[in-house]
Amino acid sequence: MSTTQPPGRRERKKAATRKAISDVATQLFLERGFDNVSIREIADAADVSPTTVFAHFAQKEALVFDEDDEQRDRLVAAVRDRPSGTTINRALYDFYLAEIGMNLAEHGDDVARTFMTFLKETPALRDYATKMWLRHEDALASTIADELGLAGPTAEIRVYARFVLQMQTLVAESEDQRAELDAGFAILEGGWAPIETRLAEAAG
């Protein structure tokens, strides 16, 4: 059972400010293009100072992705807190499927498609999105190793973690996300399942 305490008032306020800035920036980017909007304009539209913008976002590209840390935590929790009897591969598949569902439920299909088109047409954001997900590689690999009772990630675990994270970009850019997700995890299941069993047996 998790012992993490719920965020306090200060943390909630900080998160709300961060999300508000990101929402304003994303709307401006969609309307005018990523390269045509300045940090000053974003700050003015969000009614904050440029210093506040940079306090929450280290670079302009990060403004579009306001849930980086939260996504990492959800990714790790999907493996660590998976139901008994659920394989790691299935847990990660379910996580991605839930993320797709959450995005559609919050924004709707049309908005989600518009946003993905915007990302595809903005190379700086595509590169940032890919690198953002790959930053979670160590956390995911370490969690998988812990769940299998290992002292640290093996080469197979690191390769698997990289493939899982690379798949997110492929699925996000697809016209048929569910089909891409099913195909990707079916391929991973065939290659990963015997490895997971072997590593777990060797550790325990």
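The values are calculated or read from the model by the stated rules, or taken from the named source; none is laboratory data. All values derive from a computational prediction rather than experimental measurement. Neighbour counts run over all protein chains shown; Cβ positions are idealised from the backbone, glycine included. Heavy atoms of the whole protein, side chains included, go into the accessibility calculation; ligands, DNA and RNA do not. Shrake-Rupley method; radii C 1.70, N 1.55, O 1.52, S 1.80 Å.
Taking the Cα-to-Cβ direction at M102 and at D127 and moving 7 Å from each Cα, how far apart do the two end points lie in nm?
Going from the M102 label point to the D127 one covers 2.8 nm.
Could you do me a favour and compute the accessible area per residue for the chain, 1.4 Å probe, result in Å²?
On the way: 11650 Å² over 204 residues.
For the chain, the solvent-accessible area averages 57 Å² per residue.
Just report the Cα centroid separation between segment 17-31 and segment 151-187, whole Å.
29 Å
Does segment 130-203 classify as rounded, prolate or oblate by the C-alpha gyration tensor (a ≥ b ≥ c root eigenvalues; a/c under 1.5 gives rounded; else a/b over b/c gives prolate, otherwise oblate)?
Working: a/c = 3.41, a/b = 1.58, b/c = 2.16.
Oblate shape, in that a/c is at least 1.5 and b/c is the bigger or equal ratio.
So how compact is segment 26-102: Cα radius of gyration and Dmax in angstrom?
Values for segment 26-102 (Cα only, Rg and Dmax): 17.4, 51 Å.
Label-point separation (nm) for A139 and R198, each offset 7 Å from Cα along Cα-to-Cβ?
With each label point 7 Å from Cα toward Cβ, the separation is 3.0 nm.
By Kyte-Doolittle mean hydropathy of at least 0.5 and Cα axial length of at least 24 Å, which whole DSSP H helices of the chain are selected? Mind dumping the intermediate values first?
Values: long enough: 9-32 (34 Å, -1.00); 88-107 (29 Å, 0.11); 155-172 (26 Å, 0.74); 177-203 (36 Å, 0.05).
Answer set is 155-172.
Enumerate the lysines that K13 could reach by cross-link, defined here as Cα to Cα under 30 Å, with residues fewer than 8 away along the same chain left out.
K60, K131
Where the accessible area of the chain is counted over protein heavy atoms with a 1.4 Å probe, how much of it, in %, is carbon and sulfur? Provide the component values of the computation, followed by the final result.
Working: 6120 of 11650 Å².
Percent of accessible area from carbon and sulfur atoms in the chain: 52.
With no solvent and one point on each alpha carbon, what is the Debye value of log10 I(q)/I(0) for the chain at q = 0.14, 0.16 Å⁻¹?
Per q value, in the given order, log10 I(q)/I(0) is -0.92, -1.13.
In nm, to one decimal, how far is the D94 label point from the E11 one, both placed 7 Å along Cα→Cβ?
Result: 2.5 nm between the two label points.
Need the list of aspartates and glutamates near K19 for cross-linking: C-alpha distance under 16 angstrom, and skip anything on the same chain fewer than eight residues off.
Partners within reach: E11, D44, D47, E61, D66, E67, D68, D69, E70, E106.
If you build a Gaussian network model of the chain, linking Cα atoms that sit under 10 Å apart, which residue out of Q168, Q177, Q59 swings the most?
Most flexible of the set in this elastic network: Q59.
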